[in-house]
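The next block holds one structure in the form of structure tokens; read it before the comments.
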Amino acid sequence: MPEVVFPLHASQKTILFSNFMGTVHAWGRKAVFLGDDTWMNLFPSCFHRARPFPSFNVRDLHTVDNGIIRHLYDEVAKDDWDVIIAHFLGVDHVGHRLGPLHPAMADKLNQMNDILGRLLAVLPPETLLLFMGDHGMTETGDHGGESESEVSAALFVYSTEPLFSKTLASEPRRLYQVDLVPSLALLLGLPIPYSNLGAVIPELFGWQDSQAMPTKPQEYILPLEALHLNALQVSRFITTYAAQHREFSAETLLKLNRALLEAQALYHSARSAMGSWNSTHETNVAIAAYQRYLYDVRKMCEAGWASFNIPMMVAGICTIGAACLWSALLAWGGHQHSHVFYSNLLKVFLGFGIAGAIGVTFLSALFGTALHDLPFHAAYGLTLSSGILLGYKAFYLSWPFLVGSMGRTIFGVNGVVSALAGPGLWLVRCLSLFSNSFILLEGQLVGFLFQSSLILIVLDAAHVCFHSTSLSAPQKQRALRVVVSVAIAALACTRTAAMFCICREELPACQPSSLLVPLPSGSVRTLHYGAAIISTTVICWTIRRFLVLHGTFKAFASPPILLVRYGFPVVAVCLGGHWGLELMSGERQATAMPRWVADIFPRIIFVLLSGGMLLTLWKPLALYTLRRKDSSEDLLTFHEATFPASQDRIREVVPRIYRSLKRDLSRSLKANHNGVQIEESSSETKLEVYGLGAPYSVVLSVFVGILIMLTALLHTPGTAPAFLLLFASMVALLELVAALSAASPDSSDARRVPLLSVVAWILASTRFFYSTGHQPTFPALQWNAAFVGFHGDHSTNMLPGLLVVMNTFSSQAIFAVALPLLLTWPFMRGVWDGDWLAVGRKGQTVNGLVNEQRESEPKMEMGLRDQPGGLSVALLRLAASFLLLQGLQLLACMLAAAWLRRHLMVWGIFAPRFLFEATGFMVSSFWLLLSVALVLHTDTRLTVWLQHLNSGFPR
């Protein structure tokens, strides 16, 4: 029987299978599958019958193959199939594990040869067998690259019916895997898939070659007709695509159109000459014309779709790398953080960068670079030269900091463990982005790393407590109990948050959370609704209680307090109404309601929260002052005596501290922070101040509450408990950081947030990206968020795009806004003083602000203002550390997508992960900038308030 062997070029095989299987299923053909269970993930409902076997274990060489052998011959003997696909995996696993030259490869190839021989003997009549490899392999057994050994494989075609009048004499020619799509479709009597770019294999339709003389008319009629249909299909697709995307030049499209018209003219000429003496020649010329046209179309598309602009990729990587170096310089520049230092550095940076840009541009022009490419080369030179400078400066300035960290110890182990804990965790995090398996399970991986960071923080806090000279033995024991308790609470929140997840389509065994899937009617829906209401209420109550304990709730005229006092309850009620209508969607009562009923609740929330956000940015201070004529009790006596008292008496600590404020001012002229002069006064008026102990944390907590409720609105009701866990994990992590700082009051640099804390913060952000029902894939985008509060189509894409982005990256936005709390929270909580962070928890404010003689009294957040510009420098360090870690994560995604650009999963896993990471980085950067601006604006308003206080008490 005739047989033919073609070398098969392994390009665009994903297009092959998706087009072919979709067409087979859509037109009612019955396909049977045996083998690698990956097919079931890609085409879960396309098979008439399937027998998949687990394929993930590369060390397993025989399970898949033996399973196919058990069923293959029985399936062939049945008559209820049109296509059988048997995907053997043993040869691939042997190559990966042992290499192509190992004796096990010979054994596996002999097994395949035996299977093929047995199969040829039992094939039913009128059956076509295609025996092929989906790819090749290197000498080490790997594949996924673009080398000849990796992209080339063999195709063996066998027909039970004769295809040719005689055996082919010519050498086999090269094919592309996409050529199987139109060929198999037409052989099965199916239309060619619309987006196919392959060319029909004319040999499968009886065509031999241009020299062979056919003995039957169908030997040249059938291949010509097949290529004619193929060319019309490709022309229709390219014409439609070019009209929508404008990626191809008009000149190229015109040239291809002329080639198609020429081929069609030859086709009609061959049809009219059918049966004459030169019909074979006419047919061969027409077939060759169609093949040239299809080849040119594929090459045009490959040039636009399958090529990569390597210089642009390198430029983007260098740009992000330079930004990371700049962030490292800002975060770890030793003690040289000053305006003079930064201005001098900027001058050197610009000078060195401009010199590099001029040099690279000159060299590019010297070597004949096109004029329109010179700006790109100048930017590349600027980035490269400045990156080299920043790398040197970052290393030079960071070296003393790194060396100083080596002197620390943890339970007798060298200080390298403590110094490199954060960078080590982040290195593991970045390296995981180069593995498709780790990206598929990224939620679990990040959860594990976050829990590891919590344990490391606990160990560090325990070490500090054991070696602290300022804490007594009972205080150390209490500190350890508190640290462990808070860590256990954080771990419990993280483990519970892992239950909230949706599944990627590549993981069919994954079970999504019942809270994140459409709800059935009945008691389950009521339970989910109740959980959402309780979660929102707990978040609002916690923020309100936090403000009460710190004395700020008396500031009735402050926008943050007004929003928490009156706005948050209204928002909670509207959220309940909105979620109730969401859960009722589809019910008869809901469909009968006017559209405005479903829109009114979200729009009220949008107005209240956006207005509250703007007012908070405008007037962030939440301070309340009260003047009285009497009260001469001694402040320190009350302060020391009333800590064990009842809760009501404890709350009076704040006003009593500030009743002595005027008396202290009248004793002597005190130099206050930022050049504010506080002078003496003979007045007997006493001044009480509420909220001065935590002016930054208060406004940040309100802003976090605004963002949580705003993003929770854009999610389904079942996601609300995940936001509560996010809020609880954030508070627990802040308490751990505060405990670590409070246990070491003699620290030389209390304003420097440990890198491990920032690592844990970002890991928590990513963990709750998954726990709020998201995945870094486009099918997982929650497009319903674009229509929350809006029915019908939008007039522009800006508003719906903004809503979807805030829905998708809500976790990143919340943690970015709350990042300055890592700096302010330890100051607000105070030090270990007999009770767990008693000063902060009881709501005491600062007396040392105006009475510097009493250094024993804690200053709380006013300690951030001890040095001029100290708060801004500390914020700069913290923000730079955050952006550095985020930038390194983005850089890892870029490197993974660039290095694995020929990987089978690049468009399914690595490229979407990079796009989501880049968008998340921009969202985080925006909200971080807004949060830093809010803190600095609060500091400015606080300075104005102090100046006003000074002017009210002249000497």
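Of the helices (runs of 4 or more DSSP H) lying entirely inside region 403-466, those containing at least 2 residues that are polar (S, T, N, Q), modelled with pLDDT of 85 or more and open to solvent by 20 Å² or more (accessible area, probe 1.4 Å) are 436-440, 442-466. Among the candidates 926, 882, 916, 910, the residue that is among the hydrophobic types (A, V, I, L, M, F, W, C), within 19 Å of the chain's Cα centre (by Cα) and closer than 18 Å to residue 759 by Cα is uniquely 882.
Among the residues of region 144-152, are any assigned to a strand (DSSP E or B), hydroxyl-bearing (Ser, Thr, Tyr) and either in contact with a Pro (Cβ under 8 Å, 6 or more places away or on another chain) or surrounded by fewer than 18 Cβ atoms within 10 Å (Cβ to Cβ) (or both)? For region 144-152, residues assigned to a strand (DSSP E or B), hydroxyl-bearing (Ser, Thr, Tyr) and either in contact with a Pro (Cβ under 8 Å, 6 or more places away or on another chain) or surrounded by fewer than 18 Cβ atoms within 10 Å (Cβ to Cβ) (or both): present.
The single residue among 625, 542 that is β-branched (Val, Ile, Thr), outside any loop (DSSP other than H, G, I, E, B) and modelled with pLDDT of 75 or more turns out to be 542.
Just one of (1) at pLDDT 80 or above; (2) open to solvent by 60 Å² or more (accessible area, probe 1.4 Å) fails for residue 595. It is (1). Whenever a residue of region 899-922 is charged (D, E, K, R) and open to solvent by less than 30 Å² (accessible area, probe 1.4 Å), its partners that are at pLDDT 90 or above and in a helix (DSSP H, G or I), lying with C-beta atoms within less than 8 angstrom and at least six residues away or across chains, give the pairs 913/439; 913/893; 913/896; 913/897; 917/889; 917/890; 917/893. Residues that are open to solvent by 10 Å² or more (accessible area, probe 1.4 Å) and outside any helix (DSSP H, G or I) within region 776-808 comprise 777, 781, 782, 788, 790, 791, 792, 793, 794, 795, 796, 797, listed in sequence order.
The requirement of being at pLDDT 85 or above, open to solvent by less than 10 Å² (accessible area, probe 1.4 Å) and more than 20 Å from the chain's Cα centre (by Cα) is not satisfied by residue 710. Return yes when residue 90 is among the small types (Gly, Ala, Ser), open to solvent by less than 30 Å² (accessible area, probe 1.4 Å), under 18 Å from residue 33 (Cβ atoms) and modelled with pLDDT under 90 and no when it is not. For residue 90, the condition - among the small types (Gly, Ala, Ser), open to solvent by less than 30 Å² (accessible area, probe 1.4 Å), under 18 Å from residue 33 (Cβ atoms) and modelled with pLDDT under 90 - is met. For residue 827, state whether it is among the hydrophobic types (A, V, I, L, M, F, W, C), buried (at least 24 other Cβ atoms within 10 Å of the Cβ), modelled with pLDDT under 90 and more than 17 Å from the chain's Cα centre (by Cα). The answer is yes for residue 827.
Only residues that are hydroxyl-bearing (Ser, Thr, Tyr) and closer than 21 Å to residue 428 by Cβ were counted in region 871-912, giving 1. Residues being open to solvent by less than 20 Å² (accessible area, probe 1.4 Å), assigned to a loop (DSSP other than H, G, I, E, B) and out of contact with any strand residue (DSSP E or B) (no Cβ under 9 Å at 6 or more places or on another chain) are represented in region 504-524 by at least one member. Evaluating residue 867 against the criteria (1) of a type in the set (S, T, N, Q); (2) at pLDDT 80 or above; (3) open to solvent by 30 Å² or more (accessible area, probe 1.4 Å) leaves one unmet condition, (2). Checked against (1) open to solvent by 60 Å² or more (accessible area, probe 1.4 Å); (2) closer than 23 Å to residue 187 by Cα; (3) at pLDDT 90 or above, residue 262 meets all criteria but (2).
Give me a count of the residues in region 30-44 that are modelled with pLDDT under 80 and either touching a helix residue (DSSP H, G or I) at 6+ places or on another chain (Cβ under 9 Å) or assigned to a helix (DSSP H, G or I) (or both).
2
Residues satisfying the criterion are absent from region 97-118 (criterion: touching a strand residue (DSSP E or B) at 6+ places or on another chain (Cβ under 6 Å), open to solvent by less than 40 Å² (accessible area, probe 1.4 Å) and within 30 Å of residue 308 (Cβ to Cβ)).
Look at residue 813 and say whether it is among the small types (Gly, Ala, Ser) and modelled with pLDDT of 95 or more. Against the criterion (among the small types (Gly, Ala, Ser) and modelled with pLDDT of 95 or more), residue 813 qualifies.
Which residues, counting only those in region 53-80, are free of Cβ contacts under 8 Å to residues at least 40 places away in the same chain, touching a Leu at 6+ places or on another chain (Cβ under 8 Å) and either open to solvent by 80 Å² or more (accessible area, probe 1.4 Å) or β-branched (Val, Ile, Thr) (or both)? Listed by number, the residues that qualify are 64, 68.
The values are calculated or read from the model by the stated rules, or taken from the named source; none is laboratory data. As the structure is a prediction and not an experimental result, all values here were calculated from the model. A quick note on method: Cβ atoms are made from the backbone with ideal geometry, for glycine too, and the neighbour counts reach across all protein chains shown. Just so you know, the surface numbers come from the protein's heavy atoms only, side chains and all, with ligands and any DNA or RNA stripped out. Shrake-Rupley method; radii C 1.70, N 1.55, O 1.52, S 1.80 Å.
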